[in-house]
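Participant: The structure that follows is given in the form of structure tokens.
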Ligand SMILES: [Zn+2]
């Protein structure tokens, strides 16, 4: 994208004049990022630092002690053992190296691709190529100057190293920019330079494993990021920055934590717990809730309490709805309520009200209440009891066809009285039809 605004032109010009990476910065990268490997194949073994062969007897010993290190007899490097299935004479390692610096009042984060090339028979070689720069002004506005990418994916090999470093557009379109430029590097140059606002907001030379440009941007833009950094709630700061938050969640409770010198060890578990506590109406300013000694146990407990509360609510809601239907049930089935069909063994009665549906459903362990059979206009629901008044089956009779739709015992079983009940209903069906007038 062509720079258009005054500030874009300024940033692009400043970027062009930036010094290239210094000898010291390069040495630091090599010192931090070099992987020293002994590659051990089935027949051959070599040192990646000098490319020299490793002696048979050394490698023979190594196979037995895979975790151990080996000293190269040629160059003296201490090497990590890498076992290979087949012989490979060539390896490339790609890593990110970042320099945090300033330029004319801008915070500048420079990202380099660090390439280590291991070749059998040769000394190790390195390439360092700058791939992206994040320029942030004192208001947190960001400009990205970077090479092109072969695709949108955020992998090392996608940078087109032959392309020019150019201004990238629309990185401020979302609140946070394009994440492929928010690189979390494998090493950061130890001499970190910061603009005054970042120093004031508490940043030094530790980025706590957060992508540096994301952390600086958040610290410039949001007071709550500064608050979390200064109160050493680092886990919560990571959570805050990584999720592009603008406000600290449960800030009042975080205040309580800070007052009690309580450091949140796992932010997402803590937030989860707080959400559960909030849902069940607990006091979020109570130290006992928000600063638990055993966070995991407190979290699990809160989640269980919340689930119970939800189940209770659902059941209560269902009951409430059911009892609202009571009046219409009684008026719908008014003609049948005093109906009694019986013989010497069995007495069949229409369920009188919603309360009886609930009792029937609970006693028989079936869904006559939960599935709201009371609201079925064309069905008559009856309870069949034995001589002693025990429930034996619940009957659904169609008021259209006058067929028995179902008759079920405990847990939807078929009781010993099943046939007798069916016959009893059939023999008395006229009684029911008469009441349908
Ligand atoms: Zn060597």
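No value in this document is a laboratory result; all are computed from the given coordinates. Please read all numbers here as calculations on a predicted model, not as lab measurements. Neighbour counts are summed over all protein chains in view; Cβ atoms, including those assigned to glycine, are modelled from backbone coordinates with ideal geometry.
Participant: What FRET efficiency would be calculated for the residue pair residue 17, residue 296, taking the C-beta separation as r and a Förster radius of 51 Å, to the nearest 0.05?
Facilitator: Calculated transfer efficiency: 0.45.
Participant: Mind ranking 262-269, 273-280 by how tightly packed they are, going by the mean number of other C-beta atoms within 10 angstrom, highest first?
Facilitator: Top to bottom by mean Cβ count within 10 Å: 273-280, 262-269.
Participant: A further question on this structure: Over the residues of the chain, compute the C-alpha Rg and express it relative to 2.2 N^0.38 Å.
Facilitator: Normalised Rg, Cα atoms only: 1.69.
Participant: Right, next: Give me the percent of Cα-Cα pairs in region 88-132 that sit more than 11 Å apart, rounded to a whole number.
Facilitator: Percent of Cα pairs beyond 11 Å in region 88-132: 68.
Participant: Can you give the translational diffusion coefficient of region 200-246 in µm²/s, computed by Stokes-Einstein from the Kirkwood radius over Cα pairs at 20 °C and 1.002 mPa s?
Facilitator: 211 µm²/s
Participant: Can you give me the distance in nm between label points at residue 327 and residue 102, each placed 7 Å from the Cα along the Cα-to-Cβ direction?
Facilitator: Placing both labels 7 Å beyond Cα along the Cβ direction yields 7.4 nm.
Participant: Compute the length gained on full extension between residue 223 and residue 141: take 0.36 nm times their separation in residues and subtract their Cα-Cα distance, giving the result in nm to one decimal.
Facilitator: Result: 28.0 nm gained on full extension.
Participant: Counting pairs of alpha carbon atoms under 8 Å apart in space and at least six apart in sequence, what relative contact order in percent does region 309-437 give?
Facilitator: 20 percent
Participant: Rank 422, 310, 252 by mean-square fluctuation in a GNM of the chain with C-alpha springs under 10 angstrom and give only the top-ranked residue.
Facilitator: The residue that fluctuates most here is 422.
Participant: Given the C-alpha atoms of region 327-434, compute the convex hull and give its volume per residue in Å³.
Facilitator: It is 92 Å³ per residue.
Participant: Moving to a separate point now. Calculate the translational D of region 1-131 in whole µm² s⁻¹ from Stokes-Einstein, where the hydrodynamic radius comes from the Kirkwood formula applied to all Cα pairs, the temperature is 10 °C and the viscosity 1.306 mPa s.
Facilitator: Answer from the Stokes-Einstein relation: 92 µm²/s.
Participant: If I model a spin label as a point 7 Å beyond the Cα along the Cα-Cβ vector, how far apart are those points for residue 88 and residue 386 in nm?
Facilitator: 7.7 nm
Participant: Ok, one more. With just the Cα atoms defining each centre, how far is region 228-276 from region 89-118? Give it in Å.
Facilitator: Each part's Cα centre sits 31 Å from the other's.
Participant: Normalising by the residue count of the chain, find the relative contact order in percent from Cα pairs under 8 Å and 6+ residues apart.
Facilitator: After rounding, I find 8 percent.
Participant: Then there is this: For region 196-301, max minus min Cα coordinate along each principal axis, in Å, sorted largest first?
Facilitator: If we take the Cα atoms of region 196-301, the spans are 43, 23, 20 Å.
Participant: Right, something else. If I take every Cα pair under 8 Å that is 6 or more residues apart in region 1-136, average their sequence separation and divide by the length, what percent do I get for the relative contact order?
Facilitator: Relative contact order, region 1-136: 21 percent.
Participant: Still on this structure, I have one more. For residue 419 and residue 305, what does the FRET efficiency come to when R0 = 45 Å and r is the distance between their Cβ atoms, rounded to the nearest 0.05?
Facilitator: 0.40
Participant: Can you work out the FRET efficiency for the pair residue 204 and residue 2, with r the C-beta to C-beta distance and R0 = 41 Å, to the nearest 0.05?
Facilitator: Calculated value: 0.65.
Participant: Hey, rough spin-label estimate for residue 429 and residue 243, points 7 angstrom out along Cα→Cβ, what's it come to in nanometres?
Facilitator: Label at residue 429, label at residue 243, 6.3 nm between them.
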